[in-house]
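The structure appears below as structure tokens.
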Amino acid sequence: MLKYIILLSTLINVAFCRDCVCSTGTTLNIRSSPSTSGTVLGQIVRDTCLEYISTSGGWDEVFFNGDSAYVSSQFTTTPRLCTADCMSESICSAYSYNTARHCDGNGCGHYGAPRGSRRHNGIDLRCEADSDIYAPFPGTIVRRSRPYPDNRCCNDGLHYRGIGAWSEYEFSIWYNKMVPNGIGKTFSTGDKIGTHIGLHCSGCYSLAMTDHSHFQLYKNGVIVNPTEYVMCQ
């Protein structure tokens, strides 16, 4: 019996008590080896967190897309406990993992980015027109949610409320059409909840804007930074 208890404890530690490091720079290169000559495998934006393995010689070894990779520890936080509430499923079908919009001709997509006199209250997750939008956790569509007071072609979205272990959480996701008769329906993680309209339809945004869905997360009714929740794959 003790053997099984120890094994269960180990599995819980791996699944829910991982350490993460988070980017402190505007963009951070993820490399194949602990050197500036290492191949760049991808980039992450500020506040994006990756599962931590170890540190040596000024480089953090991390998990990226399921494999070992490296980031400069000069531009990361000290290792800390990852959030247990990780939304490990990709929200947009065009991407195998959640990918944040970087800075473009219309601004930046990270949480807290300047928006004139205010700050960005969500994270922009890259997506493509006509892609499926998936539920990141079990819940119910409670209402339609629209970001603008006009009738531009991309002005649509939905508000979703978690159930069970996710009952503290809600989110609004914009630039999408919900599935038919979606309000009041209950969905499981990975179920289709909508279709991405795309930001480049006539009268919405120019091609200078990277196509994305805006994801705004609430915990117990209060807006929270969604980055660590959706970028923890």
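The values are calculated or read from the model by the stated rules, or taken from the named source; none is laboratory data. All values reported here derive from a predicted model rather than from experimental measurement. Cβ: placed from backbone, ideal geometry, glycine included. Neighbour counts: every protein chain shown.
Condition check: under 18 Å from residue 170 (Cβ atoms), more than 13 Å from the chain's Cα centre (by Cα) and basic (Lys, Arg). Does residue 143 satisfy that?
Spelling it out, residue 143 is indeed under 18 Å from residue 170 (Cβ atoms), more than 13 Å from the chain's Cα centre (by Cα) and basic (Lys, Arg).
Quick one: which strands (runs of 3 or more DSSP E) sit completely within segment 130-184 and have at least 2 residues that are of a type in the set (Phe, Trp, Tyr)?
In segment 130-184, 169-174 are the strands (runs of 3 or more DSSP E) which contain 2 or more residues that are of a type in the set (Phe, Trp, Tyr).
What are the pairs, 6+ residues apart or on separate chains, where a residue within segment 85-100 that is among the hydrophobic types (A, V, I, L, M, F, W, C) has its Cβ under 9 Å from a residue that is outside any loop (DSSP other than H, G, I, E, B) and surrounded by fewer than 16 Cβ atoms within 10 Å (Cβ to Cβ)?
86/16
Pull up segment 17-51, narrow it to residues that are crowded, with 21+ Cβ neighbours inside 10 Å and hydroxyl-bearing (Ser, Thr, Tyr), then point me to the one that is farthest from residue 97 (Cα to Cα).
23
Taking segment 52-76 on its own, how many of its residues are under 17 Å from residue 96 (Cα atoms) and either more than 24 Å from the chain's Cα centre (by Cα) or among the acidic types (Asp, Glu) (or both)?
In the first step, residues of segment 52-76 are kept if they are under 17 Å from residue 96 (Cα atoms); the result is 63-67.
Next cut, either more than 24 Å from the chain's Cα centre (by Cα) or among the acidic types (Asp, Glu) (or both) only: 67.
Going through segment 52-76 one residue at a time, the tally reaches 1.
Scan segment 118-125 and give yes if some residue there is part of a loop (DSSP other than H, G, I, E, B), assigned by TED's automatic domain parsing to the domain that holds residue 21 and in contact with a Ser or Thr (Cβ under 9 Å, 6 or more places away or on another chain), otherwise no.
No: segment 118-125 contains no residue that is part of a loop (DSSP other than H, G, I, E, B), assigned by TED's automatic domain parsing to the domain that holds residue 21 and in contact with a Ser or Thr (Cβ under 9 Å, 6 or more places away or on another chain).
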